[in-house]
Amino acid sequence: MHLFSPDNNPGSSFVNLLTAVGVHAPAPESKIDVPHATTCVALRYADGVLMAGDRRATAGNLISHRGMEKVVQADNYSGVAIAGAAGPAMEMIRLFQLQLEHYEKMEGKQLSLEGKANQLSMMVRGNLPAAMQGLAVVPIFGGFDLLDGTGRLWDYDVTGGRYEEREFVATGSGSLHAGTVVKVGWRTDMGRDAAVALACRSLWEAADADSATGGPDALRGIYPIVATITSAGWQSVDDAELAGVFQSIASEVQAR
Amino acid sequence: MSMPFYVPPEQQMKDRADFARKGIARGRALVGVQFDQGILLVAENPSSTLRKVSEIYDRIAFAGVGKYNEFDQLRQAGVRAADLTGYQYSRLDVDARSLANQYAQIMGQIFTHDSKPLEVEILVAEVGLTADEDRLFHILYDGTVMDETNFSVLGGDAEAISERMSSNFESGCNLSGALKCALAALAGADRQLSADDLEVATLQRGNGRRCFTRVVDADVASLLA
């Protein structure tokens with residue numbers, strides 16, 4: 001247990017605490033090849049935001065994981081979706097979740113949604129040396145802003161650049177296809193079911209055209225992660241519902 | 001050059017203990033008590049922003065009495081230690097016993113080595129998967145740790161409150177029963193306490209990952225009704 005004097009106190013930041021006690025991972029010195037996680041989309045709809053991501057991780061031309069969860073709850077009212085090098089991405093999510101909880105416990109209240117988005121931006125920027133060596137991590141952050149009662153979305157670039165999006169955002173290798181599908185189908189004030197169907201359709205098309213994006217795997221019962229964040233908080237869409245949505249996409253494609 | 005007077009260690013320790021006890025006795029008391037679903041923490045605290053009771057980790061809460069800046073510093077150290085352990089190992093590896101030991105070491109060290117002992121008493125409470133695994137570690141200003149069962153009383157007038165608690169406490173009572181019991185013990189025969197005079201929180205089994213919940217004044221009032 002550490003007692004810090006006022007002049008070297010790391011404050012409410014868990015990342016500063018890790019530095020103060022000497023726990024941090026060094027960036028690699030040369031370019032390395034690691035599993036990559038792929039397509040994620042997020043969109044705003046009537047009740048808040050919806051985030052979705054496929055489950056595949058690839059290493060070169062091989063599939064390294066079929067069941068990866070790239071869309072993760074950050075706290076009650078926010079979530080992160082991550083594309084990029086799987087290892088650093090998962091570590092960043094873990095640290096981000098802990099950072100939000102640590103702040104909440106130290107200060108006795110949650111960070112504002114804007115504050116959480118800025119915090120993630122600093123983490124992405126901190127990863128820049130590793131990104132230069134091929135370990136880029138590019139998240140999407142979404143959440144329900146309790147202050148103004150709406151869902152909000154941000155995307156990032158590898159330097160920690162933070163951009164708030166008003167409609168939707170897609171990231172990862174299949175983002176061109178997924179983003180186009182969402183762009184064509186997106187309407188202001190979409191209902192929840194329409195938003196789920198659109199996100200699933202976008203991942204379907206991304207998987208259809210991008211070898212690094214996994215489609216629904218009915219054989220193994222692995223479906224993309226889809227979750228909504230509304231005034232009721234984070235709710236993931238269950239596999240049974242997703243199976244139905246993908247079934248109807250499949251029959252529609254078959255009938256063409 | 002003036003020589004300091006020789007003070008025998010017995011006298012030194014006694015003076016420090018008296019000093020710390022006096023500081024603690026000035027503050028209001030706090031009760032941690034078991035109920036059927038977990039542990040209830042009730043502090044007499046008119047402030048709704050300066051907390052005496054707070055969350056440390058998934059199943060662990062902290063409560064302190066005495067000097068606010070001192071126990072708040074200990075609270076922060078506890079959150080940091082717990083989050084670091086959980087991050088470096090696993091969330092399951094964070095437990096109240098280890099935290100209580102770390103607190104005891106720090107407080108013992110400060111008691112013997114610093115120019116002034118801490119004027120605080122703290123409680124580290126952990127809700128187990130079953131009632132048998134609930135833990136209440138009461139740590140004194142000098143680092144003495146007590147592993148208490150059923151309930152624990154901290155702060156000014158603790159002896160009288162403890163007596164009232166032991167005559168009122170029924171094991172296996174529900175939340176409302178535990179709250180009434182704690183309130184009666186804190187207030188005594190000739191005082192009335194209402195919901196706004198209290199800070200109430202619970203560590204509740206089956207409350208998801210994070211078991212700690214603050215009970216707002218309106219809910220306290222309805223539990224007491």
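The values are calculated or read from the model by the stated rules, or taken from the named source; none is laboratory data. Note that the coordinates shown come from a computational prediction; the quantities given were computed from them, not determined experimentally. Don't worry about glycine lacking a Cβ; one is built from the backbone with ideal geometry, like all the others, and counts go over all protein chains shown.
Residue-wise test of (1) surrounded by fewer than 17 Cβ atoms within 10 Å (Cβ to Cβ); (2) among the aliphatic types (A, V, I, L, M); (3) closer than 19 Å to A:Asp47 by Cα.
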position: A:Gly160; (1), (2), (3): no, no, no
position: A:Asp189; (1), (2), (3): yes, no, yes
position: A:Arg201; (1), (2), (3): no, no, no
position: A:Asp208; (1), (2), (3): yes, no, no
position: A:Ser211; (1), (2), (3): yes, no, no
position: A:Gly214; (1), (2), (3): no, no, no
position: A:Leu219; (1), (2), (3): yes, yes, no
position: A:Tyr223; (1), (2), (3): no, no, no
position: A:Gln235; (1), (2), (3): yes, no, yes
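Scanning the stretch B:106-161 for residues that are within 14 Å of another protein chain (Cβ to nearest Cβ) and of a type in the set (D, E, K, R) yields a total of 1.
Could you pull out every one of the helices (runs of 4 or more DSSP H) wholly within the stretch A:76-152 that has 1 or more residues that are of a type outside the set (D, E, K, R), within 22 Å of A:Val49 (Cα to Cα) and away from chain B (no Cβ under 14 Å)? Before you say what the answer is, go through the steps one by one.
Values: elements: A:86-107, A:113-126, A:128-132.
Where helices (runs of 4 or more DSSP H) fall fully within the stretch A:76-152 and carry at least 1 residues being of a type outside the set (D, E, K, R), within 22 Å of A:Val49 (Cα to Cα) and away from chain B (no Cβ under 14 Å), they are A:86-107, A:113-126.
Close Cβ contacts (under 8 Å, 6 or more residues apart or on different chains) running from residues in the stretch A:1-23 that are touching a residue at least 12 places away in the same chain (Cβ under 8 Å) and within 8 Å of chain B (Cβ to nearest Cβ) to residues that are surrounded by 13 or more Cβ atoms within 10 Å (Cβ to Cβ) and basic (Lys, Arg) comprise A:His2/B:Arg80; A:Leu17/B:Arg80.
Residues in the stretch A:1-16 that are within 18 Å of A:Gln110 (Cβ to Cβ) and crowded, with 16+ Cβ neighbours inside 10 Å: A:Ser12, A:Ser13, A:Phe14, A:Val15. Does at least one position in the stretch B:59-72 carry a residue that is among the basic types (Lys, Arg), more than 10 Å from every other protein chain (Cβ to nearest Cβ) and within 12 Å of the chain's Cα centre (by Cα)? Within the stretch B:59-72, not a single residue is among the basic types (Lys, Arg), more than 10 Å from every other protein chain (Cβ to nearest Cβ) and within 12 Å of the chain's Cα centre (by Cα). B:Ala81 falls short of the stated requirement of being more than 9 Å from chain A (Cβ to nearest Cβ), without any contact (Cβ under 8 Å) to a residue 60 or more places away in the chain and within 22 Å of the chain's Cα centre (by Cα). As a summary of the residue check, B:Glu133 satisfies the conditions (1) surrounded by 13 or more Cβ atoms within 10 Å (Cβ to Cβ); (2) within 26 Å of B:Thr202 (Cβ to Cβ); (3) not aliphatic (A, V, I, L, M) except for the one numbered (1). Residues that are surrounded by 21 or more Cβ atoms within 10 Å (Cβ to Cβ) and in a strand (DSSP E or B) within the stretch A:62-72 comprise A:Val71, A:Val72, listed in sequence order. Only residues that are among the hydrophobic types (A, V, I, L, M, F, W, C), over 22 Å from B:Arg209 (Cα atoms) and within 14 Å of the chain's Cα centre (by Cα) were counted in the stretch B:43-58, giving 1.
If you go through the stretch B:118-137 one residue at a time, do you hit one that is within 16 Å of B:Gly23 (Cα to Cα) and more than 15 Å from the chain's Cα centre (by Cα)? Within the stretch B:118-137, none of the residues are within 16 Å of B:Gly23 (Cα to Cα) and more than 15 Å from the chain's Cα centre (by Cα). Cβ separations smaller than 6 Å between residues 6+ apart or across chains give the following pairs from the stretch B:44-72 residues that are crowded, with 20+ Cβ neighbours inside 10 Å to residues that are among the aromatic types (Phe, Trp, Tyr): B:Ser54/B:Phe62; B:Glu55/B:Phe212; B:Ile56/B:Phe62; B:Ala61/B:Phe212; B:Gly64/B:Phe71. Of the strands (runs of 3 or more DSSP E) lying entirely inside the stretch A:167-256, those containing at least 1 residues that are at pLDDT below 95 and among the β-branched types (Val, Ile, Thr) span A:168-171.
Residues in the stretch A:42-61 that are within 15 Å of A:Ala199 (Cα to Cα) and among the aliphatic types (A, V, I, L, M) were compared, and the one that is surrounded by the fewest Cβ atoms within 10 Å (Cβ to Cβ) is A:Ala46.
Residues are listed down the side, and each one gets a yes or a no for (1) within 16 Å of the chain's Cα centre (by Cα); (2) without any contact (Cβ under 8 Å) to a residue 40 or more places away in the chain:
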site	(1), (2)
A:Ile140	yes, no
A:Thr150	no, no
A:Thr159	no, yes
A:Glu164	yes, no
A:Thr188	no, yes
A:Ala199	yes, no
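Mind listing whichever residues of the stretch B:21-58 are within 11 Å of chain A (Cβ to nearest Cβ) and closer than 22 Å to A:Pro6 by Cβ? Within the stretch B:21-58, B:Thr49, B:Leu50, B:Arg51, B:Ser54, B:Ile56 meet the criteria.
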